Amino acid sequence: MRAVDLIHKKRDGGALTPEEIRFLILGYTAGDIPDYQISAWLMAALWRGMSRAELAALVEAMMESPRRLDLSDLSAPKVDKHSTGGVGDKTSLIIAPIVAAAGVVVPMVSGRALGHTGGTLDKLESIPGFNTRLTLDEFHEALGQVGCALIGQTAEIAPADRKLYALRDATATVESPTLICASIMSKKLSESIDALVLDVKTGSGAFMKTEKDSAYLAELMVETGRAVGKKVVALVTGMEEPLGRAVGNSLEVIESVEVLRGGGPADLRELCLELSAWMLHLVKKAATVEEGRRKAAEMIESGRALRKFQEIVRRQGGDERALEDYSLLPHTEQRRDVTSPVGGRVVEINCEKIGLASVLLGAGRERKEDAVDPAVGLIVHKKLGDAVQPGEPLVTLHYNAAPRADAAAALVIESYHIAASAPEKSPLVRQIIGP
Ligand code: URA
């Protein structure tokens, strides 16, 4: 078999067999097939699409690893959640400790920044010392001791996604429902979980911009999980504006801690309670979703979720003092307000451009090998429907390089549409698929 023939076949709209998909994925993971050939196949797959059979074979090939995680020695139920990617979406940092504090094991394998969206691993690594690169044995041990650990794809868990994820980020091949589904489900189905909650974003800041495309992605993922006997539910949620106010790694850690302390922005808190409620309900820690919401809120109000987050940070080598004293987190010396040239109400925000502004400041990657700047990002002051006076700040940029801030400021201005009146805001949760 030759990779070039398989690229040719996909380019011309053919469907690859499971053996052909396995050949490409295992060959790439082993280093036998180069980046440029897999990039070409990814682009062809994105344009031509993939069949359900190709998707199933892709997930299976991406899950192949020398060892499997087996958490059967932990008696508590195991559940996880994953988002398809958004701007300011820091829910994992809040939900994981809430659910673990309620006595459920949360083995979370997450990703890094992808395209214009942020990544849980980059956010966590902005906490000085936090180690997301645990081995499988260390991950297992941390789960037994703390009930929750957060790591990235490793040579032992979803090894193919570790390489493919970074390659897709740098080759504009993220926005394919099958590639997103395979990336997420290969990680999640390797976690030895009983149930999974998916947060499928929709709107200008999501990879799937329309509710129809987001619902299709949600269905693909629910079907993939159910085919292997997992309980899966997908919530299609709005991403027409950044979630909360902070966008950028250490800024998002601060906002997450604020929610765990009982404060923080209302939309972020609402979504965290909703997703946590479903997680607790799926593993029967709550008889109804409503009871799950009450339990999740209780974990915050009692301080148990914050204490669990401190425990997670400590166990993974992070400096937990940074959760009390934010000056210990990376921060920029320079800040600049981007002000509104006009007055009115915020009618629309191009949320992808806000994400790209944060990438331009250095919070994401342009090439695979780039490092992120954990300190940079932005704080959103004006959200959809808000009244704005001419000259009022829309956003504050936190930056380390002035030319980058100029470019980011221009994107922020472009992304806001302000007019005399704004329509009613849509609810955060648009659809629930698969319970
Ligand atoms: N999150 C992932 O883990 N993978 C994707 O492809 C998109 C979002």
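Results, tabulated for the structure shown:
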| item | result |
| --- | --- |
| Candidates Val342, Val289, Val346, Val338, filtered to the one that is closer than 30 Å to Leu235 by Cα, β-branched (Val, Ile, Thr) and not assigned by TED's automatic domain parsing to the domain that holds Ala166 | Val346 |
| So Ser250, is it over 15 Å from the mean Cα position of the chain (by Cα), farther than 21 Å from Leu273 by Cβ and either buried (at least 24 other Cβ atoms within 10 Å of the Cβ) or within 14 Å of the ligand (Cβ to nearest atom) (or both) | yes |
| Spans of helices (runs of 4 or more DSSP H) in the stretch 91-173 with at least 3 residues closer than 29 Å to Glu298 by Cβ | 91-101, 120-125, 136-146 |
| Residue match in the stretch 101-121 (condition: without any contact (Cβ under 8 Å) to a residue 12 or more places away in the chain, more than 16 Å from the ligand (Cβ to nearest atom) and either surrounded by fewer than 23 Cβ atoms within 10 Å (Cβ to Cβ) or among the hydroxyl-bearing types (Ser, Thr, Tyr) (or both)) | no |
| Every residue from the stretch 176-194 that is assigned to a loop (DSSP other than H, G, I, E, B) and near the ligand (Cβ under 9 Å from one of its atoms) | Ser176 |
| From the options Leu74, Leu69, residue that is outside the structural domain of Ala206 (by TED's automatic domain parsing), within 23 Å of the chain's Cα centre (by Cα), more than 16 Å from the ligand (Cβ to nearest atom) and surrounded by fewer than 24 Cβ atoms within 10 Å (Cβ to Cβ) | Leu69 |
| Residue check, Ala61 farther than 16 Å from Lys201 by Cβ, within 16 Å of the ligand (Cβ to nearest atom) and surrounded by fewer than 24 Cβ atoms within 10 Å (Cβ to Cβ) | yes |
| Residue in the stretch 209-229 that is at pLDDT below 95, in contact with a Leu (Cβ under 7 Å, 6 or more places away or on another chain), assigned to a loop (DSSP other than H, G, I, E, B) and within 13 Å of the ligand (Cβ to nearest atom) present | no |
| Condition check for Lys285: at negative phi, modelled with pLDDT of 95 or more, outside any helix (DSSP H, G or I) and charged (D, E, K, R) | yes |
| Count of residues meeting criterion [without any contact (Cβ under 8 Å) to a residue 60 or more places away in the chain and not hydrophobic (A, V, I, L, M, F, W, C)] in the stretch 227-263 | 7 |
| Complete set of residues in the stretch 149-175 that are of a type in the set (S, T, N, Q) and within 12 Å of the ligand (Cβ to nearest atom) | Gln153, Thr173 |
| Matching residues in the stretch 101-132 - criterion: being at pLDDT 95 or above and among the basic types (Lys, Arg) | Lys123 |
| Residue ranges of strands (runs of 3 or more DSSP E) in the stretch 341-409 with at least 1 members of a type in the set (S, T, N, Q) | 393-399 |
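Yes or no, residue by residue, for (1) in contact (Cβ under 8 Å) with a residue 12 or more places away in the chain; (2) crowded, with 20+ Cβ neighbours inside 10 Å:
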| position | (1), (2) |
| --- | --- |
| Arg321 | no, no |
| Ser327 | no, no |
| Glu333 | yes, no |
| Gly343 | yes, no |
| Ala357 | yes, yes |
| Leu360 | yes, yes |
| Asp386 | yes, no |
| Val412 | yes, yes |
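The values are calculated or read from the model by the stated rules, or taken from the named source; none is laboratory data. Model, not experiment: these values are computed from the prediction. When we count neighbours, we look across all protein chains shown, and the Cβ atoms used for this are built from the backbone with ideal geometry, even at glycine.
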